[in-house]
1. Could you provide, to the nearest whole Å², the per residue accessible area of the range 105-243 with probe 1.4 Å?
2. How much FRET efficiency would the formula 1/(1 + (r/R0)^6) give for E66 and R246, where r is the Cβ-Cβ distance and R0 is 45 Å, rounded to 0.05?
3. Using a 1.4 Å probe on the protein heavy atoms, what percent of the accessible area of the range 177-262 belongs to carbon and sulfur?
4. Show the residues, 5+ positions off or on another chain, whose built amide H is closer than 5 Å to the amide H of H208.
5. Starting from the 7 Å offset along Cα-to-Cβ, what nm value, one decimal, do you get for the label separation of S211 and C119?
6. Tally Lys/Arg at +1 and Asp/Glu at -1 over every other residue whose Cβ is under 15 Å from the Cβ of G127; what's the total?
7. Taking 37 °C and 0.692 mPa s as the conditions, I'd like the Stokes-Einstein D for the range 254-294 in µm²/s, using the Kirkwood hydrodynamic radius from alpha carbon pairs.
8. Please give the residues of the range 132-173, grouped as numeric ranges, whose backbone N is less than 20 Å from a label point set 7 Å along the Cα-to-Cβ vector of T92.
Amino acid sequence: MELRDIEIFLTLAEELHFGRTAERLHVTPARVSQAIKKQERRIGAALFERDNRHVALTPIGRQLFEDLLPMYRGLRDSIERAALTARGTTNTLVLGMVNENPQDLRPLFDSFRSRRPGCDLQLRYAGFADPFRLLRSGDIDLLIAWLPVKEPDLTVGPVVCTEPVVLVVGPGHRLAGRESVSYEDLGDETVFGGAKPDYWRNWLVPTHTPSGRPIRIGRIVTNSAEMIPLVANGEAVSPCFAHSIRYYARPDHVYVPIRDAPLAHWALIWRTSTETSLIREFAEAARDLGVIAL
């Protein structure tokens, strides 16, 4: 079996869609179909159940996927290390952050650097408007994002930190003087839109209160900076994370605890198909360090 055919099989097993597989690998859907049929003829059994609407692994296909994936990763890692050595360059790991509190995670960064002193760990801000885009484009290797993350092509790794959820309001807002608020209070407020995908945003900013009242969505924002004048002017309020109290301490912002909000869990996320030894070592460093409580 040729390496390219193995890559096509593994990608289709993740995507379960011929078109998306072809797009990811920059080939035609016909090339994907041809490679799968060729593998099925060689093995003597169907690897996928497929019709016009549905693609699924057969039991034999699942077995082959589980057997091939670790070997494929090992081969790719070996080629990657050889190429880096040939170029005389150091390893680089690019970490994207939806959150904006890198200093809180310094113990994790230091732990990883002690394991890989030759690795250049770089940080990028991923934003919340399309948090997984940079992973899928290859611009970052890892992402720290709040859970849940339910993307079929992404692996959810260890939780790196937890923290409370708070509500940010302007200083003259009716809720600014409260000791705490409830998600039920948002039924009388306007919140921001913009974070995607919807299920991910809804964990932090639900569409309805606990009693079922709709929560109005106002301006669409794509980053924290866009929220600042709107919150200060009282145009909207927003659930956010407790690290904002330290990193966005402003005289025109008031942070009020949301007493019925669950604790936020931030985890490492990466593309399953592009997992490398560096990603696994970073995840192992996070597991060994344990969850950081903010």
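The values are calculated or read from the model by the stated rules, or taken from the named source; none is laboratory data. In this text, all values refer to a predicted model and were calculated from it rather than measured experimentally. Cβ coordinates were reconstructed from backbone atoms using ideal geometry, including for glycine residues, and neighbour counts include every protein chain displayed. To get the accessible areas, we keep the full protein, side chains included, count just its heavy atoms, and leave off ligands, DNA and RNA. Shrake-Rupley method; radii C 1.70, N 1.55, O 1.52, S 1.80 Å.
1. About 42 Å² of surface per residue is accessible.
2. Efficiency for this residue pair is about 0.55.
3. Carbon and sulfur together cover 54 percent of it.
4. I215
5. Each label point lies 7 Å from its Cα, and together they span 5.1 nm.
6. Around G127, the charge tally is +1.
7. Here the translational diffusion coefficient equals 253 µm²/s.
8. Answer for the range 132-173: 133-144.
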